[in-house]
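Below: one structure, written as structure tokens.
The values are calculated or read from the model by the stated rules, or taken from the named source; none is laboratory data. Keep in mind it's a predicted model, so treat the numbers as computed, not measured. Note that each Cβ is placed from the backbone with ideal geometry, even for glycine, and that neighbours are counted across all protein chains shown. To get the accessible areas, we keep the full protein, side chains included, count just its heavy atoms, and leave off ligands, DNA and RNA. Shrake-Rupley method; radii C 1.70, N 1.55, O 1.52, S 1.80 Å.
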Amino acid sequence: ALDPDGKKLFDKPLPQDETKLRELFTQLQNHGEVLMVVDQPNTIGALPIAVARDCGCAVAYLPGLAMRKAADLYPGRSKTDARDAFIIADTARTMPHTLRSVDRDSEVLSALKVLAGFDEDLAHETTRALNRIRSLLTQIHPALERVFVGGSLATGLVLDLLEKFSGPTGLKNAGRSRVLRFAR
């Protein structure tokens with residue numbers, strides 16, 4: 001939770017408990033109006049939305065594409081819940097035009113449910129595909145695992161390099177200068 005100046009008011013995982021959520025929203029309301037923003041209005045966001053509304057807080061939704069574009073504006077590439085929460089809060093604070101209303105009985109909400117499901121499915125498929133690629137690369141060339149640490153394997157450049165040079169052996173045969181030249 002951020003105040004209008006960007007000062008952190010709450011920086012912990014959001015409790016998935018109605019009583020604790022009520023306490024949190026009440027504490028935050030001592031600082032002014034509260035806008036609770038979620039990136040998943042269904043599933044994990046459903047309880048916080050319902051409790052926030054009941055506590056008199058405004059509720060909004062940050063669509064996945066807007067979230068990904070906003071994330072590109074912040075340093076770092078790691079995908080963590082804490083980073084995502086900060087980006088959502090700061091985007092709501094600094095770019096409120098990116099937010100969408102979460103209406104209870106609208107066609108828009110129904111469409112959002114479908115889109116959120118598609119978004120979640122795509123995220124799972126992407127993770128599965130990257131895990132398969134990592135597994136294959138580890139079987140083919142175990143030392144390559146040390147080169148592509150963290151989420152770097154998922155970057156477009158790394159995948160382009162693997163495709164261009166036909167995998168780890170091709171990268172080695174191409175040599176450092178040729179690989180760097182292509183990367184630039």
If you scan the range 29-38, which residues turn out to be surrounded by fewer than 20 Cβ atoms within 10 Å (Cβ to Cβ) and at negative phi? Gln29, Asn30, His31, Glu33, Leu35
If I ask for residues that are open to solvent by 50 Å² or more (accessible area, probe 1.4 Å), at pLDDT 75 or above and more than 16 Å from the chain's Cα centre (by Cα), which ones from the range 148-158 would you list? Leu157
Any pair with Cβ under 7 angstrom, 6 or more apart, that starts in the range 143-169 at a residue that is assigned by the TED database to the domain that holds Ala129 and ends at one that is exposed (fewer than 11 other Cβ atoms within 10 Å of the Cβ) and at pLDDT below 80: Gly150/Ser78; Gly151/Ser78
Just need a number here: residues in the range 71-107 that are under 20 Å from Arg53 (Cβ atoms), open to solvent by 90 Å² or more (accessible area, probe 1.4 Å) and at pLDDT below 85. 3
Only one of (1) assigned to a helix (DSSP H, G or I); (2) in contact with a Leu (Cβ under 8 Å, 6 or more places away or on another chain); (3) at pLDDT 90 or above; (4) surrounded by 18 or more Cβ atoms within 10 Å (Cβ to Cβ) fails for Ala60. Which number is that? (1)
